Amino acid sequence: MYYPYVRGKQYELIMVRDNAPILAESGFVPIIEPVKRSLAALQRALDAVRDAGASAVLIVNPHHGDHSPNAEAIEALFRDDLQDHDSVAVGIALTGDSTLAEVETLLEAHEQQEVTLVHAGFAEGRRLADRLVDFDNVNRHVFFDEHCGKLYQRHFRDHQRVLLKDGFIRRRNKDHPPVEFFSDLHATFEEDEGMAGFGDFLIVGDDYSESGGPAYAVAIHLTFVDPDRDGEMHIFHFVSERQDTPTDPAGKFAESLDKLADEVNRAGSHLLRTEAVEEFLDLHERGHYPGLGYVKKLSMQHHIETMAHYFRHRP
């Protein structure tokens, strides 16, 4: 159903680990692209997924981060630790730089495991579809909408298909509007798109960077479903008032929290009071600043909780 795509940075993996029970209950399947050399946090997240009875997809040929030049460590993880880890499927990323020969090599290396193909710019869709007749372990195709047109997707229409869209517009924090459209894919992926599932990049977006620059403005990004707009998903950007210097991130976080608390307490607000929002409110009451990484983790958690609530209660 829902396939959140996360890059394996520290707080992304903590979010997966902490929310494994919600993922299991809701049938959500995170797609994880490991980007950090150390795999300890990744293993803890995958163990939590397994223990909760959830599932995940792990990209074995990441195209970002420390493992992009050589993914042998990821292959070794599957070979040594995940062979009997039935909750984790192999994910193979197909980009514009991928060749059919490379894809076949990876498929042959993992012919005893379930495989999900993530299509993100690969050009040889017809030839790949013909070759997949020999690989009955490929059980899912994820199409990054920005790089895969309808004609390309058509080659795999007899398979389980998932549409991945980036709903987050990346810009400087100070340039975010107070609220904007995020996505309607949660409501349209089946009937309008003909897909078995959908995904997004949560409130982080697809753009990858090793680290952010100085925070001239602090922003808290929280999604919500708007019943007044046909159930579209929108996103609040609670941006600090001060935006001119990179100093005092704690004080700027407090300014963003003030705006968040005002919205939560506003009569008629559609912002769901998730556990993540409750934690934000607790931080507001205590005047505590946990660091920007943890703020992002809570915002991602809120998105997962909001999605789970939507599918529990949709008509």
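Values quoted throughout were computed directly from the atomic coordinates according to the rules given, and no laboratory measurement underlies them. Fair warning: this is a prediction, and the values are worked out from it, not measured in the lab. FYI the Cβ positions are ideal-geometry reconstructions off the backbone, even for glycines, and counts take in every protein chain you see.
Estimated from the Cβ-Cβ distance and a Förster radius of 22 angstrom, the FRET efficiency linking residue 170 and residue 245 is about 0.50.
Computed over segment 5-164, relative contact order equals 16 percent, with contacts defined as Cα pairs under 8 Å that lie 6+ residues apart. Among 115, 103, 88, the largest mean-square fluctuation in a Gaussian network model of the chain, built with springs joining Cα atoms closer than 10 Å, belongs to 103. Scoring 257-270, 289-302 by mean Cβ neighbours within 10 Å over their residues and listing the highest first yields 289-302, 257-270.
The length gained by stretching the chain between residue 72 and residue 112 to full extension, at 0.36 nm per residue less their Cα-Cα distance, is 12.6 nm. In loop segments of segment 96-203 as defined by DSSP, the trypsin sites (Lys or Arg not before Pro) with at most 13 further C-beta atoms inside 10 Å of their C-beta are 157, 170, 171, 172.
Would you calculate the separation in nanometres between label points at residue 157 and residue 101, each defined as 7 Å from the Cα along the Cα-to-beta-carbon direction? Here the answer is 3.3 nm between the modelled labels. Applying a threshold of 19 Å to the alpha-carbon distances of 252/296; 174/259; 165/259 flags 165/259 as lying beyond it. Note: relative contact order over the chain, using C-alpha pairs below 8 Å and six or more positions apart, is 14 percent. Summarising the amide proton neighbourhood of residue 215: residues at separation of 5 or more, or on other chains, whose placed amide H is nearer than 5 Å comprise an empty set.
Against the chain, whose longest principal axis comes from its Cα atoms, helix 249-264 is set at around 90 degrees. Values (1) 18.9, 59; (2) 19.8, 60; (3) 22.9, 90 are given for comparison; Rg and Dmax of the Cα atoms in Å, derived from the coordinates here, is the one labelled (2).
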